[in-house]
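The values are calculated or read from the model by the stated rules, or taken from the named source; none is laboratory data. Everything quoted here is computed from the prediction, not taken from an experiment. Glycine gets a Cβ as well: all are built from the backbone with ideal geometry, and neighbour counts include every protein chain shown.
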Amino acid sequence: MSSKQFELIIIGGGAAGFAAATRADELKIKTAIINAGLPMGGTCVNAGCVPTKYFLAVGKELYSPKHPKFKSVPPIQVTFDFEEAMKEKVSLLNSLRQKNYQDVLNSFRHVTWIEGRGIFESEHIIRVGNRLLEGDKILIATGCSSKIPPIEGLNDAGYITNKDALSLPKQPSTLVILGGGPLGLEFAKIFSRMGTKVTLLTHGQRILSIQEPEISELLKGIETEKDCQVKINEFLQTNIPHIYAAGDCVCHICLETVAAKEGKIAVENALENARKRIDFSTIPYAVFTDPEVASVGLTEAKYSEKYKTCDCRTISMDKVPKALAVNDTRGLLKMVVHHETKKIVGVHILSPVASEMIHEAVLVIKCGLTVDDIIDTVHVFPTFSEAIKIAAQAYRRDISTMSCCVE
């Protein structure tokens, strides 16, 4: 059987694979992208970021009328149609897949989409069904699947995964969630606000164990080095020089944004010998609980481990005028500063809009800005983002005796 020749073969049609294909098309590289399992777009569009944020928005619409923030607004009881919500989700995902993926794919001039499971026949040849594809370079971007913990009786209980939970035919009356990380907390919020009785179980001492302990504590009130990991070097290259890997299958940080960045860089490293690396110190993440969690850079524990000291400040959201004005002072902001240079190296936020606030902190760390740089920058008043400036001011004065207009 003869094989079809490509300069690049991408295995996986999710965020990493599609970003890689986009860059390859820009470089006029003859490319094949192979996809099986989830539809075009992978986890983010079909079973991750998009559907979960849709359901979180539905939950907010259900919750807010019943729990007004002001005494002057009486609570209102609203009804909910679970099956209709599922239909809306399907319509949303179909629209996004068409607009953001299928239409984009149709515009490519150098990329061939192939449906089917890719299997390595040799280091350069991939079999898809009865077709053989030969690639000068190969990128593995297959994502990863849920790891089922070895809990006695779990198989008999009829468990579901996070992907299954987004396509249930009927709303469960009760739900037990195993895991107190970002996914577990978001699904707990989704289903509890829909009216399901949710129990969250975690084997650790606190939820969101990767976060600052103050944030975890407040949230409570409301080689294959890992089993899934393809081992790579800093340039996303495997031990076989012409084979690269990107996205969730390498388990760096399982975020759509990271997967897309890795996919693009992997193509440039493979085909242009660009030798680019990703700076993980400036990659933010958010957890869409209520209030939200967002973080970038070093935590106090990580900084202290490295330098045996830490220069940190934590402010509560009741120090932020906007939070007081809208009667939502839940949360805090913690800032980690280099003890010698005073450059900001970490910002960790718990607030109703933490996912929107974190981007200033990303740029601050990426650009190597100091506490004084933030203090000297005029912020819009009143905003939740002003919390970053107030935290910086806490290094220079007692903010408990500070008026709103102090610069």
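How many residues does the stretch 248-259 hold that are surrounded by fewer than 22 Cβ atoms within 10 Å (Cβ to Cβ) and either at pLDDT 95 or above or aliphatic (A, V, I, L, M) (or both)?
Here the count works out to 3.
For the stretch 361-383, which positions are surrounded by 15 or more Cβ atoms within 10 Å (Cβ to Cβ) and assigned to a helix (DSSP H, G or I)? Outline the logic, then answer.
Of the stretch 361-383, the ones surrounded by 15 or more Cβ atoms within 10 Å (Cβ to Cβ) are 361-362, 364-365, 369-371, 373-375, 379, 382-383.
Once the filter is applied, which keeps residues that are surrounded by 15 or more Cβ atoms within 10 Å (Cβ to Cβ) and assigned to a helix (DSSP H, G or I), the stretch 361-383 yields 361, 362, 364, 365, 371, 373, 374, 375.
Report every pair of residues separated by at least 6 positions or lying on different chains whose Cβ atoms are under 7 Å apart, first residue within the stretch 227-241 and farther than 12 Å from residue 140 by Cβ, second at pLDDT 90 or above.
234/277; 235/269; 235/275; 235/277
Hey, does the stretch 78-88 have a residue that's more than 28 Å from the chain's Cα centre (by Cα), of a type in the set (Val, Ile, Thr) and either assigned by TED's automatic domain parsing to the domain that holds residue 184 or farther than 30 Å from residue 264 by Cα (or both)?
yes
Which residues, taken from the stretch 292-307, are crowded, with 21+ Cβ neighbours inside 10 Å and over 19 Å from residue 254 (Cβ atoms)?
298, 303
Return a yes/no flag: does the stretch 349-360 have any residue that is surrounded by fewer than 16 Cβ atoms within 10 Å (Cβ to Cβ) and over 25 Å from the mean Cα position of the chain (by Cα).
First, pick out the residues of the stretch 349-360 that are surrounded by fewer than 16 Cβ atoms within 10 Å (Cβ to Cβ): 359.
The next check asks that each one be over 25 Å from the mean Cα position of the chain (by Cα); those that pass are none.
Checked the stretch 349-360: no residue is surrounded by fewer than 16 Cβ atoms within 10 Å (Cβ to Cβ) and over 25 Å from the mean Cα position of the chain (by Cα).
Does any residue in the stretch 281-306 that is closer than 16 Å to residue 188 by Cα come within less than 7 Å, Cβ to Cβ, of a residue that is crowded, with 20+ Cβ neighbours inside 10 Å and of a type in the set (S, T, N, Q) six or more places away or on a different chain, and which pairs are these?
From the stretch 281-306, the pairs are 291/351; 292/351; 293/211.
Please pick out the residue among 300, 292, 356, 386 that is farther than 28 Å from residue 70 by Cβ and among the acidic types (Asp, Glu). Don't jump to the end; show me each part of the working.
Details: 292 fails: farther than 28 Å from residue 70 by Cβ; 356 fails: farther than 28 Å from residue 70 by Cβ; 386 fails: farther than 28 Å from residue 70 by Cβ.
Checking each option against the conditions leaves just 300.
Kindly check whether there is at least one residue in the stretch 125-140 that is surrounded by 14 or more Cβ atoms within 10 Å (Cβ to Cβ) and not in a strand (DSSP E or B).
no
Quick check on the stretch 241-285: of everything there that is basic (Lys, Arg) and part of a helix (DSSP H, G or I), which residue is farthest from the chain's Cα centre (by Cα)?
As a first pass, look at the stretch 241-285 and keep what is basic (Lys, Arg): 261, 264, 275-277.
The next check asks that each one be part of a helix (DSSP H, G or I); those that pass are 261, 264.
Numbers: 261: 13, 264: 18 Å.
Here the answer is 264.
Look through the stretch 196-219, keep the residues that are part of a loop (DSSP other than H, G, I, E, B), over 18 Å from the mean Cα position of the chain (by Cα) and surrounded by 15 or more Cβ atoms within 10 Å (Cβ to Cβ), and return whichever of them is modelled with the highest pLDDT. Can you show your working first?
Kept after step one, since they are part of a loop (DSSP other than H, G, I, E, B), are these residues of the stretch 196-219: 196, 202-212.
Filter again for over 18 Å from the mean Cα position of the chain (by Cα), leaving 196, 202-206.
So of that shortlist, the ones also surrounded by 15 or more Cβ atoms within 10 Å (Cβ to Cβ) come out as 196, 202.
Working: 196: 96, 202: 84.
Ranking the candidates gives 196 first.
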